[in-house]
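Okay, structure first, notes after.
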Amino acid sequence: MKRLLCFCFCLLGGLTLAAQSPGWTVSGTVMDEFGEALPGATVHLDDSAQTMTNAVGAFQLRATLRPKQLTVRCIGYFAHRIVLDTVPTSGRSIRLTIALQPNTVSLPEVAISSKPVESIFEEDFKTNLLDYVFAGKDLVLLVHEGKKYVLRLTDDNGRTIASLELPGVVERLHQSCTGDFHAVGENRAWEFTRSENRLDTFPRYAAAEFHRLVEPCVLEHREHYFFRKSGPFRQSVQYTYFDPERKQHLLAQIRDEVVEAQLLRRYRNILAAYMQTIPDVDKDDILEGKSPLADPMQALNPDNLTKMAETNALVTEIGFFSQLAQDSVYAPLFKIGAELYLLDHQNNRLLRFNVAPWQDESGSLTYHQSAGWKKEVLVDAALERVYGRFQGRGGYLILKEIDLCSGLVGKIYRPTTLPYLAENFKIRSGTLYCIGQPDVNVPNKQLYKANIFKFVE
């Protein structure tokens with residue numbers, strides 16, 4: 001458990017503390033973009049020492065040998081790495097002044113376009129846009145160019161600021177609960193950061209560690225860290241959190257018992273039919289729990305399902321099983337202002353939390369019972385607004401603003417000029433972003449942004 005907490009709080013930084021022996025001294029001050037001190041920032045020196053900045057943003061570290069690298073992390077800011085070989089020294093001392101850039105955006109930083117819809121990136125037959133994330137007031141795009149996987153830092157109009165080729169296959173981007181960014185592949189992951197107008201990566205690590213330790217942490221709020229865990233067949237969700245004393249607590253557990261039981265019964269039938277097609281030694285592994293096929297938590301693994309598709313009957317049954325499992329429990333947890341919200345669509349509840357001091361209250365939800373509900377909530381943190389995503393006639397997008405006091409629908413937005421073949425929706429400061437395919441006959445996609453206030457009913 002200590003390893004889990006250190007990993008999530010430090011996110012791949014150096015975790016080993018060294019004795020403060022005489023030798024080299026590295027000291028300095030950490031500031032924000034306005035020159036104000038940043039207390040509580042974590043400073044790592046190689047893999048041997050770490051400390052936190054004090055009330056005036058100052059820090060000091062010692063090392064026996066000449067240090068090679070210093071990394072600074074602070075929630076809400078891009079991690080900053082400095083190669084110390086290029087920094088001037090005074091004897092055996094190094095003095096630094098470090099300014100961190102915010103990785104969040106407030107309302108004044110993103111101008112709302114007067115145009116209803118704009119395209120800010122367009123694929124051609126040599127490039128594929130795989131994913132994107134907000135990076136402060138800019139964006140980072142994950143682009144597949146031939147055999148290369150490239151991160152592109154762009155402004156909000158699509159102008160490229162910097163590019164960085166990644167040394168491996170990457171499938172998606174992820175922003176952690178502490179605000180750090182990760183590029184994730186099937187077997188490897190990389191943390192990346194922005195330093196002024198360039199991109200930088202930290203050493204790669206196993207993708208299994210990302211899925212085990214980074215991805216489950218969905219939210220940090222006032223030194224409370226909230227973790228999400230899905231149950232068998234994705235029919236339950238459990239939220240737990242660690243308080244500032246690192247004690248774990250249960251926040252909520254949401255479960256669809258009826259569908260979970262149906263899927264378990266179907267999976268057992270599939271497994272029994274599959275066992276009739278395999279040798280006895282493989283049957284024994286399943287019966288004794290040695291095979292991953294015996295674990296309900298791995299029942300939806302595509303490799304496992306493909307392995308069991310030995311007959312036409314099994315192919316049909318597995319297809320129906322997979323389709324039924326797609327209707328999973330959806331209960332997002334997010335932060336608006338000083339409060340946390342959990343939308344329990346399974347039990348029609350809106351849960352509201354405040355952690356300092358701890359308070360909670362609940363209300364009701366009904367909007368998700370309307371036709372066209374796509375089981376997705378979009379959060380505009382800058383404007384403190386929340387929208388439910390729906391699909392209207394012809395497959396076109398509808399956004400319904402959710403009143404977090406009543407749980408009812410407020411204004412409705414219909415951005416009909418966006419292509420109906422669209423995915424990966426995100427929103428900030430009243431601007432909706434998505435990856436869409438404008439022509440069904442041409443596979444090339446575009447990254448769009450739309451001023452949703454132009455489409456209010």
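Being in contact (Cβ under 8 Å) with a residue 12 or more places away in the chain, of a type in the set (D, E, K, R) and closer than 30 Å to L164 by Cα is a condition met by at least one residue of segment 215-235. Quick check, is E186 free of Cβ contacts under 8 Å to residues at least 60 places away in the same chain, part of a strand (DSSP E or B) and over 26 Å from A41 (Cα atoms)? No; evaluated as a whole, the condition is false for this residue. Out of L418, L447, one residue alone is part of a loop (DSSP other than H, G, I, E, B) and in contact (Cβ under 8 Å) with a residue 12 or more places away in the chain. It is L418.
Going by the structure shown, is I398 among the hydrophobic types (A, V, I, L, M, F, W, C), in contact (Cβ under 8 Å) with a residue 24 or more places away in the chain and under 20 Å from T154 (Cβ atoms)?
Criteria not met by I398.
One residue stands out among those in segment 119-140 that are closer than 30 Å to G76 by Cβ and small (G, A, S): the one that is surrounded by the fewest Cβ atoms within 10 Å (Cβ to Cβ), which is G136. Number of residues in segment 189-208 that are closer than 25 Å to K335 by Cβ and free of Cβ contacts under 8 Å to residues at least 60 places away in the same chain: the value is 2.
Would you mind stating whether A252 is surrounded by 16 or more Cβ atoms within 10 Å (Cβ to Cβ) and at pLDDT below 90?
No, not satisfied.
Is it the case that some residue within segment 373-393 is assigned to a strand (DSSP E or B), in contact (Cβ under 8 Å) with a residue 24 or more places away in the chain and at positive phi? Scanning segment 373-393 turns up at least one residue that is assigned to a strand (DSSP E or B), in contact (Cβ under 8 Å) with a residue 24 or more places away in the chain and at positive phi. Quick check on T42: is it over 32 Å from the mean Cα position of the chain (by Cα) and among the hydroxyl-bearing types (S, T, Y)? Judged against the criteria, T42 is not a match. Identify all residues within segment 167-183 that are outside any loop (DSSP other than H, G, I, E, B) and surrounded by fewer than 20 Cβ atoms within 10 Å (Cβ to Cβ); write none if there are none. If the condition is that a residue be outside any loop (DSSP other than H, G, I, E, B) and surrounded by fewer than 20 Cβ atoms within 10 Å (Cβ to Cβ), then R172, L173, H174, Q175 are the ones that fit.
Is segment 150-162 home to any residue that is within 21 Å of the chain's Cα centre (by Cα), more than 27 Å from T417 (Cα to Cα) and in contact (Cβ under 8 Å) with a residue 24 or more places away in the chain? For segment 150-162, residues within 21 Å of the chain's Cα centre (by Cα), more than 27 Å from T417 (Cα to Cα) and in contact (Cβ under 8 Å) with a residue 24 or more places away in the chain: present. Taking (1) modelled with pLDDT of 95 or more; (2) on the phi > 0 side of the Ramachandran plot; (3) not acidic (D, E) in turn, G158 satisfies each apart from (1).
The values are calculated or read from the model by the stated rules, or taken from the named source; none is laboratory data. This structure is a prediction, so every number in the text was calculated from the model and none was measured. Don't worry about glycine lacking a Cβ; one is built from the backbone with ideal geometry, like all the others, and counts go over all protein chains shown.
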